[in-house]
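Remarks on the structure that follows.
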Amino acid sequence: MSPTPKLRALIFDVDGTMADTERDGHRVAFNQAFAAAGLDWHWSVPLYSELLAVTGGKERIRHYLNKYQPNFEPSTDLDRFIPELHAAKTKYYQQLLAQGEIPLRPGVRRLLEEAHTQGVRLAIATTSTQSNVTALLESTLAPDGSSWFEVIAAGDIVPRKKPAPDIYHYLLERMGVAAQDSLVIEDSHHGLKAAVQAGLKTVVTVNEYTRNQDFSEAVLVLDHLGEPDQSFTVLAGDARGMNYLDMSLAHHLHES
Ligand code: XBP
Ligand code: MG
């Protein structure tokens, strides 16, 4: 008989979950990289909404090229051109973060601190580039923000990005923790799909880009994690009368 599940690890997605990085962060940085490369491409807010269907920056550029610039002829082989363009985008993104304009979403710091105090292990599973995660944590949490997390599983470390479950499988194996002893916080259908396929219970905090997606497999869907003085709105599921997600609610959700 398998042991009774216990909440031992809290796993966070980054983009859209810890911070609203997409519209005013990644999107802007892609456009800056296009301009610097002399390309007249522009990813508007609505276009980016559609492009977000493809996870991963390099994969997203390739998809855009195939769909919107089919006649584009790069100066070098596409397999070299895309990573170079993406490296420039990463540089611009990290410059934006350093300006401190992208804050953590409500409740993220509070929940991390509470989990840490309780000895619940913290980890990250993201599609984004590892150095972007470090830059975000340093600019928002603390100069040593990365050290709050036991494992940061990011980017190209697995061959298949979300919605494939690979990043979660990788993370659980690295931590030596069972899926049934963990709880995930995600913001998108792709992220939820990845976590659920790895057997993980998942809370979703939606954002402007993901609000209308299918979250029927989540244990709770909120507009954000909330704070004692800033109530969340429950979009689906039972928050047991709470108006912010704390560790006691996290334990209940995990047991449910
Ligand atoms: C995040 C992403 C990332 C970022 C860009 O998905 O899709 O691709 O948009 O990051 P998730 P990079 O939140 O589900 O992990 O350009 O560094 O790939
Ligand atoms: Mg996300």
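No lab work stands behind these numbers, since they all come straight from the coordinates. Note that the structure is predicted; figures quoted are calculated from it, not measured. Virtual Cβ from ideal backbone geometry, glycine too; neighbours counted across all protein chains shown.
Hey, rough spin-label estimate for D229 and I157, points 7 angstrom out along Cα→Cβ, what's it come to in nanometres?
3.7
Can you classify segment 86-170 as rounded, prolate or oblate using the Cα gyration tensor, where a ≥ b ≥ c are the square roots of its eigenvalues, rounded means a/c under 1.5, and otherwise it's prolate if a/b beats b/c and oblate if not?
oblate
About its Cα centre, what dipole magnitude does segment 98-220 give when the only charges are +1 on Lys and Arg Cβ and -1 on Asp and Glu Cβ, stated in debye to the nearest 20?
Charge dipole, segment 98-220, about its Cα centre: 180 debye, nearest 20.
Please work out the Cα center distance from segment 35-54 to segment 72-113, rounded to the nearest Å.
First find each Cα centre; the distance between them is then 13 Å.
Express in nm, to one decimal, how much length is gained between N212 and T4 on full extension, taking 0.36 nm for each residue of separation and deducting their alpha carbon distance.
Result for the pair: 71.4 nm of gain on full extension.
Work out how much length R174 to D79 would gain on full extension: take 0.36 nm times their residue separation and subtract the Cα-Cα distance, in nm to one decimal.
So the chain would gain 31.2 nm between R174 and D79.
With a Förster radius of 22 Å, plug the Cβ-Cβ distance of E150 and Q99 into 1/(1 + (r/R0)^6) and report the FRET value to the nearest 0.05.
0.15
Across all directions of projection, what mean area in square nanometres is found for the Cα convex hull of segment 52-129?
So the mean shadow area of the Cα hull is 7.4 nm².
Could you tell me which helices of the chain pass both thresholds, a Cα extent of 20 Å or more along their own axis and a mean Kyte-Doolittle hydropathy of at least -0.5, with helices taken as whole DSSP H runs?
78-98
Can you sort H42, H190 from fewest to most other Cβ atoms within 10 Å of each residue's own Cβ?
H42, H190
If you average 1/r across every pair of different Cα atoms in the chain and take the reciprocal, what Kirkwood value do you get, in Å?
On the way: mean 1/r = 0.0533 Å⁻¹.
Taking the inverse mean of 1/r over all distinct Cα pairs, the chain comes out at 18.8 Å.
Cut-off is 10 Å between beta-carbons; in what order do S216, S256, S131, S182 appear when sorted fewest neighbours first?
Fewest to most other Cβ atoms nearby, the residues stand as S216, S256, S131, S182.
Rounded to whole Å and sorted largest first, list the principal axis extents of the Cα atoms in segment 134-256.
Per principal axis, max minus min of the Cα coordinates gives 39, 34, 29 Å.
Tell me, what is the Rg over Rh of segment 1-96, with Rh the Kirkwood radius over Cα pairs?
1.14
Residues of segment 16-43 with backbone nitrogen within less than 18 Å of a virtual label 7 Å along the Cα-to-Cβ line of F72, please, listed as ranges.
Label zone hits: 26-43.
With each pseudo-label sitting 7 Å past Cα toward Cβ, what's the H42-D246 distance in nm, one decimal?
With each label placed 7 Å out from Cα toward Cβ, I get 4.8 nm.
Which percent, nearest 5, of DSSP beta bridges in the chain are antiparallel?
Numbers: 5 of 24 bridges.
Looking only at bridges with both residues in the chain, the antiparallel portion is about 20 percent.
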